[in-house]
1. Out of curiosity, is residue 64 of a type in the set (A, V, I, L, M, F, W, C) and either assigned to a strand (DSSP E or B) or at pLDDT 95 or above (or both)?
2. Condition first: in a loop (DSSP other than H, G, I, E, B) and open to solvent by 90 Å² or more (accessible area, probe 1.4 Å). Now tell me which residues in segment 71-108 satisfy that.
3. Are any of the residues in segment 109-130 open to solvent by less than 40 Å² (accessible area, probe 1.4 Å) and among the small types (Gly, Ala, Ser)?
4. Please enumerate the residues belonging to segment 30-75 that are farther than 15 Å from residue 111 by Cβ, under 14 Å from the mean Cα position of the chain (by Cα) and among the β-branched types (Val, Ile, Thr).
Amino acid sequence: MHNEDSLYPPVEPIKAGIKGCCPRCGQGALFNGYLKLAKRCEVCELDYGFADSGDGPVVFVLLLDGFFVTALALWAEVSYQLPLWLHFIIWIPLAILIGLVLTRYMKGILITLQYKHKAASGQLDRRGSE
């Protein structure tokens with residue numbers, strides 16, 4: 001565990017990530033804005049400098065969102081033969097909405113899991129090559 005983890009009760013990382021809460025205390029805000037990560041927790045003062053979710057959450061969400069919305073659009077076309085303008089009005093806003101909602105959840109989950117498992121950037125071990 002991290003240095004001061006024993007001072008705080010265990011936090012379920014998936015729940016904390018979905019709620020956007022601190023991965024250590026489970027109370028402070030993880031985000032400062034919709035997707036912008038806060039600098040630190042206002043409750044336990046955990047520095048969020050360790051957190052680097054990169055593009056992982058966005059790629060995963062885009063793949064799921066694209067599959068889901070495309071499947072629904074194809075089903076609607078085969079079942080109801082909707083006009084093209086109606087497809088645009090329905091599916092583009094739905095894809096954007098699902099993408100935005102899921103991206104926040106996935107980013108929070110990834111960061112809280114990163115904290116729990118002490119994940120860090122990979123580094124090459126060059127000791128063996130000398």
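The values are calculated or read from the model by the stated rules, or taken from the named source; none is laboratory data. If you're wondering where the values come from, they're calculated on a predicted model, not measured in any experiment. Cβ coordinates were reconstructed from backbone atoms using ideal geometry, including for glycine residues, and neighbour counts include every protein chain displayed. To get the accessible areas, we keep the full protein, side chains included, count just its heavy atoms, and leave off ligands, DNA and RNA. Shrake-Rupley method; radii C 1.70, N 1.55, O 1.52, S 1.80 Å.
1. So residue 64 fits the description; yes.
2. Taking segment 71-108 and keeping what is in a loop (DSSP other than H, G, I, E, B), we get 81-83.
Matches in segment 71-108: 81 only.
3. Taking segment 109-130 as the starting set, the residues that turn out to be open to solvent by less than 40 Å² (accessible area, probe 1.4 Å) are 109, 111-112, 114-115.
Applying the additional criterion that residues be among the small types (Gly, Ala, Ser) yields none.
Scanning segment 109-130, I find no residue that is open to solvent by less than 40 Å² (accessible area, probe 1.4 Å) and among the small types (Gly, Ala, Ser), so the answer is no.
4. 59 - this is the single residue of segment 30-75 that is farther than 15 Å from residue 111 by Cβ, under 14 Å from the mean Cα position of the chain (by Cα) and among the β-branched types (Val, Ile, Thr).
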